1. Could you please find all residues in the range B:30-53 being in contact with a strand residue (DSSP E or B) (Cβ under 7 Å, 6 or more places away or on another chain) and at pLDDT 95 or above?
2. In the range A:91-110, how many residues are in a helix (DSSP H, G or I), more than 14 Å from chain B (Cβ to nearest Cβ) and in contact (Cβ under 8 Å) with a residue 12 or more places away in the chain?
3. Considering only residues that are away from chain A (no Cβ under 14 Å), surrounded by fewer than 17 Cβ atoms within 10 Å (Cβ to Cβ) and of a type in the set (G, A, S), which ones fall in the range B:1-40?
4. Can you run down the residue pairs with Cβ atoms below 6 Å, 6 or more apart or on separate chains, where the first is in the range B:55-75 and closer than 17 Å to B:I25 by Cα and the partner is of a type in the set (K, R)?
5. Can you give me the number of residues within the range B:113-127 that are free of Cβ contacts under 8 Å to residues at least 24 places away in the same chain and closer than 13 Å to B:P94 by Cα?
Amino acid sequence: MNITAKEIDRVLVVQPLEKRLDAAIAPAFKGQMVDYINQGQNKLVLNLAEVEFVDSSGLTAIVSTLKSLGLGGGEMVVCGVGQNLTNLFKLTKLDKVFKVFDDEKEAVDFLRS
Amino acid sequence: MSTEGEIRLTIKSRLQSVRLMGTAINGVCLAAGCDQETAAMVELGVVEALNNIVKHAYQNQPEHQVETKIEIEPNRMVFTITDSGLGLAGWEKPSLEFDPNDLSSLPEGGMGRYIINSVMDKVEYISGKDVNTLSLTKML
């Protein structure tokens with residue numbers, strides 16, 4: 001899948017460049033996130049600004065990443081969340097779980113502090 | 001003038017094809033007068049159903065067909081999805097209980113059925129000898 005990753009002060013900013021994070025691509029996305037975690041990354045910003053559609057498979061991959069990081073002492077926050085994903089978070093009550101920031105800089109600053 | 005009528009779309013049983021159907025569903029919803037947020041939610045509900053059929057009714061075998069009939073009426077849209085795969089149980093809404101402060105309790109499955117039942121106003125499924133029929137109704 002098409003995804004970028006950059007490190008800013010030991011915070012990894014990951015940005016999928018796919019418009020749809022769905023069942024067709026979720027396994028590849030999850031695999032990539034597992035690789036980052038296995039490489040020792042434990043502070044992660046997931047920038048979803050390019051993503052317009054997320055289904056339950058994509059959402060499960062995001063939740064799984066959050067759990068893996070959090071249970072291992074790390075943290076993941078999210079930014080660039082569009083209205084569709086905001087609505088999905090609310091529908092599944094996961095809006096109470098994710099820390100969501102308006103932009104990447106705010107998200108990175110939070111994890112750096 | 002509202003848009004009413006019926007359209008049938010057929011895809012192969014591949015997750016990549018479900019994407020195409022999702023895009024089409026979104027367009028039809030907008031043409032029927034839905035706002036963008038409703039169209040996106042309806043697209044999601046239908047995509048979740050199609051994903052289940054591809055993955056579980058057809059066990060990810062890509063050579064089968066899934067037909068979706070979309071009926072647009074003045075006060076509702078009905079999506080009738082038919083397949084000839086395995087009959088599936090469990091289309092009813094599961095509970096999605098978790099403690100937001102306990103990461104280990106977060107769900108990693110079952111959200112698809114929860115989404116379908118939350119988005120749609122009625123979900124009905126009949127598994128027959130040669131064909132399964134899932135009917136999803138969204139009131140407008």
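1. B:V42, B:G45, B:V46, B:A49, B:L50, B:I53 - these are the residues of the range B:30-53 that are in contact with a strand residue (DSSP E or B) (Cβ under 7 Å, 6 or more places away or on another chain) and at pLDDT 95 or above.
2. Selection size over the range A:91-110: 5.
3. Within the range B:1-40, B:S2, B:G5, B:A31, B:G33 meet the criteria.
4. Matching pairs, first to second residue: B:K69/B:R8.
5. Final tally of qualifying residues: 1.
The values are calculated or read from the model by the stated rules, or taken from the named source; none is laboratory data. None of the values given here were measured: they were computed from a predicted structure. Cβ coordinates were reconstructed from backbone atoms using ideal geometry, including for glycine residues, and neighbour counts include every protein chain displayed.
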